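The values are calculated or read from the model by the stated rules, or taken from the named source; none is laboratory data. Quantities reported herein were computed from a predicted structural model and do not represent experimental measurements. With ideal geometry, Cβ positions are generated from the backbone for all residues, glycine too; neighbour counts draw on all protein chains shown.
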Ligand code: GLC
Ligand code: CA
């Protein structure tokens, strides 16, 4: 693997709408982000990914873009964006935007022109089917529920494809004219000084054509559109072209949102001449997911988490450099998902932080993760904003789940969990806004907020700061970045431990992934304790006694 400038960095995801509101309208914005750059710098962040801030009706919170060249006024202006780029660069930080090009908004000019003239140039920017009989259309189910086909507004005999929400018509990547428009737009941003992109839902840009039915897999008589992805071949040509036309000439950093890639494709995706710089490891994210809906999902246990993570590390080997996360804006809070319900504490949160942060790969922090933000309790479906939760609720009820259970299911898997406003302090609305927040603040902000953690050496926040400093320290950076990862005591129940080894250093990360104490064989003598979420640890007779959720990092 060729070494890259970003290998030893720390990345951070901002969900702008919920990060910091500078003008009291209840919506986070670019000036809010600018005001927190020094905070992020101090945390140890080098690369920032912004979820979409382009002009959008926000049907899917900005992942439905109506104008790729402008900033939505709710988030600010292009001057604000230029200021953000300049101020981040002054501080040696990089800014990534979200590249959402599987689809645009139905309010985008291209789609509006397609409506006016379906057989014209812009009709070909989308997947339109000309028929008066919708039963002839293929039977795919969209990710957010319901058929992927929707009547083209103002027409009785045209339908358009949307694999996500109906306000997100899919763009036709088979059309070279569309591709040119996309590349022009990407290059426009990169020329402006943007440092790179996170590539949204990118695997969906290649469809298996011609359209055909798949075996029905639920009572709605539809088939998951993901079945089509397995048949779609040739995505490499599209991604390779985009890399060569846009990312490579700009030396841009890119991170792909890629699900279910095949082993043999890894090198194509993130090898030395890969389509992207890196991509997220979602193996633990998708663990336990059921095709039938959230109501059938299976909880992930510590041993499952460990197995997912280690399997990915083995698979990737030296092919490329992965991106490691415990949460993002589409997922529940990591501490609520990967720590047993009821066991969430400062100690267990620090343990989880330690074991994922020191893996091989680029560590990402999602806003609020660094203070241990947790999932949100809900009492009624009316409180839910997320479109995918609302659909999943419907599916669960239809499958016979009780209302109570269905709500608990949203508490566990819903996307609002990650989208509640950042908890800055204990004042009203957690200091996120002086107005009314667009989504309610998690009531636990009185206990979990940055202000109360900032100067407390033992807080979750301070632990993250220690982790970024340790990972990037002159002495250990090379081992944490490039050192081999070798699992230790891999089969031991509720223990997650691994070595990071370089030529002249051996580091051991060892964690007791449960509330009960546990004694674990200890392999050798210690040079130094680099990090510990307890005051001390006891090593005797070749054994280490670990307290509940204790995690220790040693140099051996
Ligand atoms: C990605 C985004 C998600 C969005 C979807 C459609 O998965 O992360 O938030 O809803 O793509 O753009
Ligand atoms: Ca605002």
_Among the listed residues 87, 41, 17, identify the single one that is within 16 Å of ligand 1 (Cβ to nearest atom), assigned to a helix (DSSP H, G or I) and modelled with pLDDT of 95 or more._
17
*Would you please name the residue that is nearest to ligand 1 (Cβ to nearest atom), looking only at residues in the stretch 90-117 that are free of Cβ contacts under 8 Å to residues at least 60 places away in the same chain and not assigned by TED's automatic domain parsing to the domain that holds residue 166?*
93
*Given 291, 281, which one is surrounded by fewer than 18 Cβ atoms within 10 Å (Cβ to Cβ), closer than 21 Å to residue 202 by Cα and in contact with a strand residue (DSSP E or B) (Cβ under 7 Å, 6 or more places away or on another chain)?*
291
_Considering only the stretch 8-19, I want to know if a residue exists there that is within 15 Å of residue 254 (Cα to Cα) and touching a helix residue (DSSP H, G or I) at 6+ places or on another chain (Cβ under 7 Å)._
yes
*How many residues does the stretch 177-220 hold that are part of a loop (DSSP other than H, G, I, E, B) and in contact (Cβ under 8 Å) with a residue 40 or more places away in the chain?*
15
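Is it fair to say residue 12 is in contact (Cβ under 8 Å) with a residue 40 or more places away in the chain, in a loop (DSSP other than H, G, I, E, B), away from ligand 2 (no atom under 16 Å from the Cβ) and within 20 Å of residue 420 (Cβ to Cβ)?
The answer is no for residue 12.
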*Mind listing just one residue for me: the one in the stretch 348-399 that is over 30 Å from residue 315 (Cβ atoms), within 16 Å of ligand 1 (Cβ to nearest atom) and outside any helix (DSSP H, G or I) and, of those, farthest from the chain's Cα centre (by Cα)?*
384
_So if I check each of 349, 340, 262, 314, which one is at pLDDT 95 or above and either in contact with a strand residue (DSSP E or B) (Cβ under 7 Å, 6 or more places away or on another chain) or more than 27 Å from residue 384 (Cβ to Cβ) (or both)?_
314
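Picking from 32, 24, 76, which residue would you name as being away from ligand 1 (no atom under 16 Å from the Cβ), outside any helix (DSSP H, G or I) and crowded, with 19+ Cβ neighbours inside 10 Å?
76
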_For the structure I just gave you, tell me whether residue 237 is free of Cβ contacts under 8 Å to residues at least 12 places away in the same chain and either in contact with a strand residue (DSSP E or B) (Cβ under 9 Å, 6 or more places away or on another chain) or more than 24 Å from residue 316 (Cα to Cα) (or both)._
no
*Which condition number does residue 61 fail, the rest of (1) at positive phi; (2) buried (at least 20 other Cβ atoms within 10 Å of the Cβ); (3) more than 16 Å from ligand 2 (Cβ to nearest atom) being met?*
(3)
*Scanning the stretch 302-329 for residues that are outside any helix (DSSP H, G or I) and out of contact with any helix residue (DSSP H, G or I) (no Cβ under 6 Å at 6 or more places or on another chain), which turns out nearest to residue 348 (Cα to Cα)?*
325
*Considering only residues that are in a strand (DSSP E or B) and within 12 Å of ligand 1 (Cβ to nearest atom), look in the stretch 160-176 and name the one that is surrounded by the most Cβ atoms within 10 Å (Cβ to Cβ).*
171
_Flag if residue 35 is in contact (Cβ under 8 Å) with a residue 12 or more places away in the chain and either within 22 Å of the chain's Cα centre (by Cα) or more than 30 Å from residue 357 (Cβ to Cβ) (or both)_ = no
*Just one of (1) more than 23 Å from residue 178 (Cβ to Cβ); (2) more than 12 Å from ligand 2 (Cβ to nearest atom) trips up residue 105, so point out which.*
(1)
*asked:* Restricting to the stretch 522-551, name every residue that is under 13 Å from residue 512 (Cβ atoms) and within 31 Å of the chain's Cα centre (by Cα).
replied: 532, 533, 534, 548, 549, 550, 551
*Please go through the stretch 128-145 and pick out each residue that is out of contact with any strand residue (DSSP E or B) (no Cβ under 7 Å at 6 or more places or on another chain) and in contact (Cβ under 8 Å) with a residue 60 or more places away in the chain.*
138, 142, 143, 144, 145
*Taking the stated definitions as given, is residue 92 modelled with pLDDT of 95 or more and within 16 Å of ligand 2 (Cβ to nearest atom)?*
no
*What tally of residues in the stretch 70-85 results from selecting those that are in contact (Cβ under 8 Å) with a residue 40 or more places away in the chain and in contact with a helix residue (DSSP H, G or I) (Cβ under 7 Å, 6 or more places away or on another chain)?*
7
